[in-house]
Amino acid sequence: MLFCIALSCTTKGREAEYQISEVADDATARKHLVMDVHNLEPGKVTFEAVVDAHQKDLAVQSKYGVKLIKFWVDETAGKVYCLAESRDSVSLFNTHRDAHGLLPDRVFDVSEGVEATMSDNPTLFLDVHKLGPGNVTEDDVAAIHIKDLDVQSKHGVEFINYWVDTRAGIVMCLVEARDSVSIANAHKEAHGFIPDEIHRVKQGQ
C-alpha cells in the first residue's frame, strides 16, 4: 500500500520539514536517492567532525534500510549535504537521530545524472539552483546539463554530477573548478540559469 505523509520536527530550535511521497508500508519498499541538508552555524562544523558522524551513521544505517553514499561539507558556511539510498526520508532522518542526533533541515527526494571522473585532488563546489516547485523536470535538467558540458572546458570547470528534486524545484550540481565565478559564468553562457548558492566543499564517503 502506498501513501503520502509530511513530517515536521524541531531540530536545534529550527523547524524542519520532510515531505515523503510513495512510501510503502513494508520492508520491501523500493529504495531511491535522497539528499539531505544540514544548516549549521558558519564556522561551527569541520570536515573531520562530519567524518566521525558519518561513521556513526554507517554503524546504524542497516537498522533503517539506509545506505549512506557520499557527503559534502562547506566548513565556512556550516553546511553538510548527505546523499543516501533509502526507502523514504524518515528512514534517513531516523538514522541520523540514532547515530548522533544531528538532524537535517531538509531532505530532498532526488534523481541524478551520470557521474564523471574527478581528478585526484579536486577543488569541488556544490551549487544550488532554486527553480521553484513544479518548474523543472528530469528531462529539462538532463538537457541543460549537456549545455553545461559543451562550454565547461572554456571556463576551466568540469561538471561531475547533478541531482534534481522536481517536486521542490531544486537542482544541485557538483563541479570541479578553480573558483565559484567560473561555475557561474559557465552556467550563464550555457543556459542562463545562475545558481542561487555556490559552496566550496570537501567530499567524503
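The values are calculated or read from the model by the stated rules, or taken from the named source; none is laboratory data. All values derive from a computational prediction rather than experimental measurement. Don't worry about glycine lacking a Cβ; one is built from the backbone with ideal geometry, like all the others, and counts go over all protein chains shown. Note: accessible area is taken over every heavy atom of the protein model, side chains too, but ligands, DNA and RNA are not part of it. Shrake-Rupley method; radii C 1.70, N 1.55, O 1.52, S 1.80 Å.
Give the residue, chosen from Thr95, Thr76, Thr123, that is crowded, with 24+ Cβ neighbours inside 10 Å, at pLDDT 95 or above, at negative phi and among the β-branched types (Val, Ile, Thr).
Among Thr95, Thr76, Thr123, only Thr95 is crowded, with 24+ Cβ neighbours inside 10 Å, at pLDDT 95 or above, at negative phi and among the β-branched types (Val, Ile, Thr).
Search segment 36-58 for residues that are over 18 Å from His199 (Cα atoms) and pair each with any residue that is of a type in the set (Val, Ile, Thr) when their beta-carbon atoms are under 6 Å apart and the residues are at least 6 apart or on different chains.
If the second residue must be of a type in the set (Val, Ile, Thr), the pairs left are Asp57/Thr95.
When you scan segment 146-205, how many residues do you find that are part of a loop (DSSP other than H, G, I, E, B), of a type outside the set (Lys, Arg) and over 17 Å from Asp74 (Cβ atoms)?
Count: 9.
What's the number of the only condition in (1) surrounded by 20 or more Cβ atoms within 10 Å (Cβ to Cβ); (2) in contact with a Gly (Cβ under 6 Å, 6 or more places away or on another chain) that Gly132 fails to meet?
The failed condition is (1).
Any chance segment 44-60 includes a residue that's surrounded by fewer than 18 Cβ atoms within 10 Å (Cβ to Cβ), in contact with a Gly (Cβ under 7 Å, 6 or more places away or on another chain) and modelled with pLDDT under 95?
Checked against the condition, which is being surrounded by fewer than 18 Cβ atoms within 10 Å (Cβ to Cβ), in contact with a Gly (Cβ under 7 Å, 6 or more places away or on another chain) and modelled with pLDDT under 95, segment 44-60 yields at least one hit.
Quick one: count up the residues across segment 182-205 that are surrounded by fewer than 20 Cβ atoms within 10 Å (Cβ to Cβ) and in contact with a strand residue (DSSP E or B) (Cβ under 9 Å, 6 or more places away or on another chain).
Looking only at that region, the number is 11.
If you scan segment 145-164, which residues turn out to be touching a strand residue (DSSP E or B) at 6+ places or on another chain (Cβ under 8 Å), open to solvent by 20 Å² or more (accessible area, probe 1.4 Å) and either over 17 Å from Met35 (Cβ atoms) or acidic (Asp, Glu) (or both)?
Leu149, Gln152, Glu158, listed by residue number.
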